[in-house]
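Scroll down for the structure; my scribbles are underneath it.
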Amino acid sequence: MRVPADCVLIDGMDITVEEAVYNEGRPMLNKKLISKGENHHRENPDPFLLSNTLVMTGSGRAVVCAVGKNTRFAQEFPVEQLREEEHLTELQQKLEKLAGYLGKWGYLAGFLIFLAMTLFLVFQIMIAESKELLSLETLQTILRYFTVGVSIVIVAVPEGLPLAVSISMAFSFDSMKRDNLLVKKLEAPETLGFIKEICTGKTATLTNNDLNVNYFYTAGRTIENYDRALTTSGLTENIVELIKDIIILNSDARVEMSDDAKYIPEGSGLEVGMIKFLQQNDYEV
């Protein structure tokens, strides 16, 4: 969740906040701790939640100290600095350059065609004695030749080329959605066209943070997790209740109802996996 104002933490558990927006040199995640007394300052507790930062883990309560223009974010990043200047993408720059070349050749071609047709008309009048060079008919013919040259220039200048490419890319997003690729910005595919290598985690895979319990160890036994494994594996009722209490009391995950009326845990991937473990064993969470 994004912090809407500058706050001071008064109660919380396992809270980490991403504050890279304020200082690129600062670590991505900063742990937040409340002050526990006058001697606790030696441990350098950080109870301050800054506006426009992201709470990654944990939950707690905080007192709002500054909002709007009085926040640190508004002081360090005025509205004038937040306005993004419009820059042409790599593809747009190349299209503009190509359009310039085609436009120059179009002007040259239009002029040469008009000049060639005019010279042909003059030679034709000089050969034929029945026509006069300075006449209304000759002027109309030259004007028609000039219209042909202007038409060639208009057709040659590709003013709609960038727009046509943008429209074709927008239509291609539909096919990308069918492959589970969501494109938020139009220039994203252009940027991906210049990427040669993609660096992933140490497992060389991109995961969706969906953790599940496959085995669990308790009472000196390693038990494979299956439907109702807690109750059918021969464990005593006291041990089963103890496992349930340990997971519930040490978890900060929350359970929400989905659109299809199912209870789905939300929160940290590890804690969500433990809540799913209880749900698989028919424990009401």
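Which ranges mark the helices (runs of 4 or more DSSP H) fully within segment 66-144 that have 3 or more residues being farther than 30 Å from Cys7 by Cβ and either modelled with pLDDT of 80 or more or in contact with a Ser or Thr (Cβ under 7 Å, 6 or more places away or on another chain) (or both)?
90-127
Mind checking which pairs have a first residue in segment 1-30 that is assigned by TED's automatic domain parsing to the domain that holds Thr71 and more than 14 Å from Ala62 (Cα to Cα) and a second that is modelled with pLDDT under 85 and aromatic (Phe, Trp, Tyr), Cβ under 6 Å, 6 or more apart or different chains?
none
Test Ser258 against the criterion of being buried (at least 18 other Cβ atoms within 10 Å of the Cβ) and of a type in the set (Ser, Thr, Tyr), and give yes or no. If you could, list the steps in order and put the result at the bottom.
On the way: buried (at least 18 other Cβ atoms within 10 Å of the Cβ): no; of a type in the set (Ser, Thr, Tyr): yes.
For Ser258, the condition - buried (at least 18 other Cβ atoms within 10 Å of the Cβ) and of a type in the set (Ser, Thr, Tyr) - is not met.
Failed condition for Glu241, given (1) without any contact (Cβ under 8 Å) to a residue 12 or more places away in the chain; (2) within 16 Å of Asn212 (Cβ to Cβ); (3) over 39 Å from the mean Cα position of the chain (by Cα), with all others met?
(2)
In segment 194-211, is there at least one residue being within 17 Å of Asp282 (Cβ to Cβ) and modelled with pLDDT of 80 or more?
No: segment 194-211 contains no residue that is within 17 Å of Asp282 (Cβ to Cβ) and modelled with pLDDT of 80 or more.
A quick yes/no check of all residues on (1) modelled with pLDDT of 85 or more; (2) part of a strand (DSSP E or B):
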residue	(1), (2)
Pro4	yes, no
Ile10	yes, yes
Met13	no, yes
Val21	no, no
Pro27	no, no
Asn30	no, yes
Lys36	no, no
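Residues Ser258, Ser251, Ser172: which one is modelled with pLDDT under 80, of a type in the set (S, T, N, Q) and within 30 Å of Ile15 (Cβ to Cβ)?
Just a single option satisfies the conditions, and that option is Ser258.
The values are calculated or read from the model by the stated rules, or taken from the named source; none is laboratory data. Values in this document were obtained by computation on a predicted structure and should not be read as measured data. Glycine gets a Cβ as well: all are built from the backbone with ideal geometry, and neighbour counts include every protein chain shown.
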